[in-house]
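The values are calculated or read from the model by the stated rules, or taken from the named source; none is laboratory data. Note that the structure is predicted; figures quoted are calculated from it, not measured. As a convention, Cβ positions derive from the backbone with ideal geometry for all residues, glycine included, and neighbour counts pool all protein chains shown. The area values use the complete protein model at the heavy-atom level, side chains included, leaving out ligands, DNA and RNA. Shrake-Rupley method; radii C 1.70, N 1.55, O 1.52, S 1.80 Å.
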Amino acid sequence: MDLSRIGYFVRRFSLDPSLIIVIVLLVVVVTAGFLLSDRFGTMRNFMNVLEQASGLGYASIGQALVVIVGGIDLSIGSVVTASTVLMAAVVNVHPALMIPMIFGTLFFGVVIGFVNGYVTIKTGVHPLIVTLGTASILNGTVLIYTLQPTGSVPYWFEEFSYGRIGNVPISGIVMLICFLLVWVFLRYFQAGRALYAVGGNPEAAHLSGIRSNRVILFAYSASGFFAALAGAYFVSRTGVGDPRVGDPITLASITPVILGGLILGGGKGNILGVCLGVILISLLSNLLNYMNVSTFIQWVIQGLIIIVAVSVYVHKGKKL
Amino acid sequence: MIKLERISKGFPGVKSLDDVDFEASAGEIHALLGENGAGKSTLIKTIAGVYIADNGVIYFDGKKCRWSSPKQAKDSGIHVIYQELMLFPELSIAENIFVGSAPLTRLGTINYRLMYERADEILNKLGHKLDPKSLIKDLSIADQQMVEIAKSLVGDVKLLVLDEPTAVISGRESEILFDRMKILRNEGICIIYISHRLEEIFSIADRVTVLKDGKFVGCHKVKELSHDLLVGMMVGRELSDIFPKKKFPSFEAAPVLTVRNLLALPKVKDVSFDLYAGEILGLAGLVGAGRSEVAHAVFGSTTRSDGAVTLGGVPLDVPSPRESIDQGLGFLTEDRKGEGLMMLLDASVNITAPMLSEFTTIIGLDRSREKQAAEDEIRRYRIAVPYPGFDVNKLSGGNQQKILFGRWTRACRRVLILDEPTRGVDVGAKVEIYEIIRKLADEGLGILVISSDLPEIVGLCTRVLVMREGQITGEVNGTDINEELIMKYATAAKKAPSVSVT
């Protein structure tokens, strides 16, 4: 199909152009999956992928909000880790506190995010540095407390990750609902619009009467919240608090954000692209697992996809 | 020295240069004159090899040339000094002068001793006393310009182009700059000098070429020209056609905006004034006089150290932009891209940004009503944007500016502050913007216009305040308003001028 035809469809169905690349990649991966593996193209497998994707999904939502507002959050992985350990360790001693601790953990995430935002605003230090510092502090603290996976949670909490409604995994449903809510928030609410305005041009936003600092604080707090939610998901999956579980999450959370067409630097992007990015990454690693490709080669492939995707975005941006 | 024949250069949607002839010879200062958008910048960028002409021929030093990069033009002896100086603020003068061509020792390292010596020689040749070891960031803009000129003297410069150098420096510094330019001219260098300040043209240039709307208007010896003749060539029509007819407001009602003893250091030192409903009040002065800073301090986007502001009779104490906007104050900032538009977002979003609460319902934003409002503004100001969801970064300067007018006239009920409202827009859009401003004043807004474009201040305002070094040094009324008087107040009785680097 030539490019002008694609352009026609984009306008005809008022599709967001920034979603094209991730959709094209999704089609490629799914087609390849059907051709290369008999186990890939089953409803059962797709549901499993959805279930496994949600941890990354929550983390990416938070990352996306911070990126839209012009920042970056490198503490997401460490908040995930700290949340799992906090939750599992407390509930291990007081099993009755399971439900309060769900909220407690989410609140913990919000507090860490708030602190990230506050320090960024007050000191003017680049968020890359602030959140890296936070990450180091949290990781260190957790490892002082325990080097091994620790604690436990009641069995029923496992439903949050493994539970199914009919055939559909609860965790996947929650993730999709989160994406949908954030999409509605960004598109249909004044505060959501403010995120784009501040990310695109903080000075102009300020002079337009937008209270930029509150917007930035909100974005980082939300990021902390979603990181803690991802933490809760991992506790539910493994039943323990793992001082290493979050390590790969920080960088992993950036990948779908980039694939989804958000601009690092802020001010532009569609959260649905991030959702598709999460699904793309999860499907890809699922397919590569079926093909017995080693994890290390998977990393190489992911890296290539990121660079190719971003080059295409940049090229498109210049043409426009 | 250089000769351009029938040069044309177009960009999507505009023809920037249309069949332009231009010629300048060695040992002359040749002024290039024209309004914003006349094609001056395009012409010098074509000379400098930044743009490649669509049509036409360039002869340089007797040879037919076709540069495909700025470097080629530079290597053949053309040096352009743009308004934004290309200097490294953290490096020394000498390092800047010899960037990329530093003298080396036998080991291949930079020979600093020799570099400082030669930098000193070049500065002496210019008659300008500066320590080659001082850092660029510690110099005034005027001295930084000298470093740029010194840079050109490292190579074998034959043609030196200066793009509105006096727009950013004070009167006395301009005199010094002119002296240096004359030294270079007498050495046989051809200097092309861009400005729209007529007095300067008469005091320094040998010949002048006038461009208008991308077309060649004429080339004359300055001695053979009068002031009025030159204005006529530049504008192409009578001044009265450009500006709407002035109307005096009623000064009987209480002023809509009062400012008393406003203090916002370091730039604003004790400023007081009144603005009446329906009035177009000018705020003139040199760049760096503190005009924009007054606007920011009134609007609340910088904190004021002292002073009282009332808007519509109500005190406006230490506000934030949000509160000022809610009280009916609007501020169209000078830097359209840096402080005005959210360049990544679309026209509609940019128009409604300060007044989103207008479209907020319990279930979120009413996007169709928001779009409708944006469409209203687009139609009202005849903004050339295909649809409200169109990205603003693809619009021309004039249309971007009209988007901001749409934004602020919607948001603003009492007073609108306009900082350089027509900077970087073409003449046609200028006329439209002047009409918009007049109409807004007629509808009862008080309007404060900050502008460095003196003809604009003179043509538009019924009263003008002049600022110098953070204070108001004069007020000119009605028929007394003219460029000479304003310049007198703007530069008068001045000790050693200091120009900040910002």
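Residues that are in a helix (DSSP H, G or I), free of Cβ contacts under 8 Å to residues at least 40 places away in the same chain, in contact with a helix residue (DSSP H, G or I) (Cβ under 7 Å, 6 or more places away or on another chain) and open to solvent by 30 Å² or more (accessible area, probe 1.4 Å): does segment B:116-124 have at least one?
Checked against the condition, which is being in a helix (DSSP H, G or I), free of Cβ contacts under 8 Å to residues at least 40 places away in the same chain, in contact with a helix residue (DSSP H, G or I) (Cβ under 7 Å, 6 or more places away or on another chain) and open to solvent by 30 Å² or more (accessible area, probe 1.4 Å), segment B:116-124 yields at least one hit.
Looking at (1) of a type in the set (Gly, Ala, Ser); (2) at pLDDT below 90; (3) open to solvent by less than 10 Å² (accessible area, probe 1.4 Å), can you tell me which one B:Gly328 breaks?
(2)
Six or more apart or on different chains, Cβ under 6 Å: which pairs go from a residue in segment B:316-335 that's without any contact (Cβ under 8 Å) to a residue 12 or more places away in the chain to one that's assigned to a loop (DSSP other than H, G, I, E, B) and of a type outside the set (Phe, Trp, Tyr)? Could you list them?
B:Arg322/A:Gly209
Got a number for residues in segment B:337-359 being more than 9 Å from chain A (Cβ to nearest Cβ) and not in a strand (DSSP E or B)?
Summing the residues that are more than 9 Å from chain A (Cβ to nearest Cβ) and not in a strand (DSSP E or B) in segment B:337-359 gives 4.
Quick one: count up the residues across segment A:26-83 that are in contact with a Leu (Cβ under 7 Å, 6 or more places away or on another chain), under 29 Å from A:Asn201 (Cα atoms) and assigned to a loop (DSSP other than H, G, I, E, B).
Matching residues across segment A:26-83 total 4.
Which members of segment A:184-221 meet the condition of being more than 10 Å from chain B (Cβ to nearest Cβ) and among the aromatic types (Phe, Trp, Tyr)?
A:Phe218, A:Tyr220
Identify, please: which residue in segment B:360-396 is over 13 Å from B:Ala347 (Cα atoms) and of a type in the set (Gly, Ala, Ser) and is, among those, nearest to the other protein chains (Cβ to nearest Cβ)?
B:Gly364
Can you name the residue in segment B:392-414 that is outside any helix (DSSP H, G or I) and at pLDDT below 85 and is also farthest from the chain's Cα centre (by Cα) among such residues?
So, considering only residues that are outside any helix (DSSP H, G or I) and at pLDDT below 85, the one farthest from the chain's Cα centre (by Cα) is B:Leu395.
On the basis of being of a type in the set (Lys, Arg), in contact (Cβ under 8 Å) with a residue 12 or more places away in the chain and open to solvent by 60 Å² or more (accessible area, probe 1.4 Å), does B:Lys212 make the cut?
no
Restricting attention to segment A:38-53, does a residue exist that is of a type in the set (Ser, Thr, Tyr), over 24 Å from A:Phe160 (Cα atoms) and without any contact (Cβ under 8 Å) to a residue 24 or more places away in the chain?
Within segment A:38-53, none of the residues are of a type in the set (Ser, Thr, Tyr), over 24 Å from A:Phe160 (Cα atoms) and without any contact (Cβ under 8 Å) to a residue 24 or more places away in the chain.
Could we say that B:Ile457 is open to solvent by less than 10 Å² (accessible area, probe 1.4 Å), outside any loop (DSSP other than H, G, I, E, B) and modelled with pLDDT of 90 or more here?
For B:Ile457, the condition - open to solvent by less than 10 Å² (accessible area, probe 1.4 Å), outside any loop (DSSP other than H, G, I, E, B) and modelled with pLDDT of 90 or more - is met.
Has segment A:223-232 got any residue that is in contact (Cβ under 8 Å) with a residue 24 or more places away in the chain, more than 10 Å from chain B (Cβ to nearest Cβ), open to solvent by 10 Å² or more (accessible area, probe 1.4 Å) and of a type outside the set (Phe, Trp, Tyr)?
yes
Quick one: which residue in B:Gly300, B:Gly282, B:Gly307 is open to solvent by less than 30 Å² (accessible area, probe 1.4 Å), away from every other protein chain (no Cβ under 14 Å) and either basic (Lys, Arg) or more than 30 Å from B:Glu164 (Cβ to Cβ) (or both)?
The match here is B:Gly307.
Regarding segment B:340-348, can at least one residue be identified that is touching a strand residue (DSSP E or B) at 6+ places or on another chain (Cβ under 9 Å), surrounded by 15 or more Cβ atoms within 10 Å (Cβ to Cβ) and among the polar types (S, T, N, Q)?
Among the residues of segment B:340-348, not one is touching a strand residue (DSSP E or B) at 6+ places or on another chain (Cβ under 9 Å), surrounded by 15 or more Cβ atoms within 10 Å (Cβ to Cβ) and among the polar types (S, T, N, Q), which makes the answer no.
Can you name the residue in segment B:81-100 that is touching a strand residue (DSSP E or B) at 6+ places or on another chain (Cβ under 8 Å) and in a loop (DSSP other than H, G, I, E, B) and is also nearest to B:Arg113 (Cα to Cα) among such residues?
B:Leu91
Output the residue which, of all residues in segment B:315-336 that are small (Gly, Ala, Ser) and more than 8 Å from chain A (Cβ to nearest Cβ), is nearest to A:Gly200 (Cα to Cα).
B:Gly330
Any residue at all in segment A:97-104 that's in contact with a Ser or Thr (Cβ under 9 Å, 6 or more places away or on another chain), in a helix (DSSP H, G or I) and either closer than 30 Å to A:Met47 by Cβ or modelled with pLDDT of 95 or more (or both)?
no
Could you please tell me which pairs satisfy a Cβ distance under 8 Å, a separation of 6+ or placement on different chains, a first residue in segment A:264-278 that is away from chain B (no Cβ under 14 Å), and a second residue that is among the acidic types (Asp, Glu) and open to solvent by 10 Å² or more (accessible area, probe 1.4 Å)?
A:Leu272/A:Asp16; A:Gly273/A:Asp16
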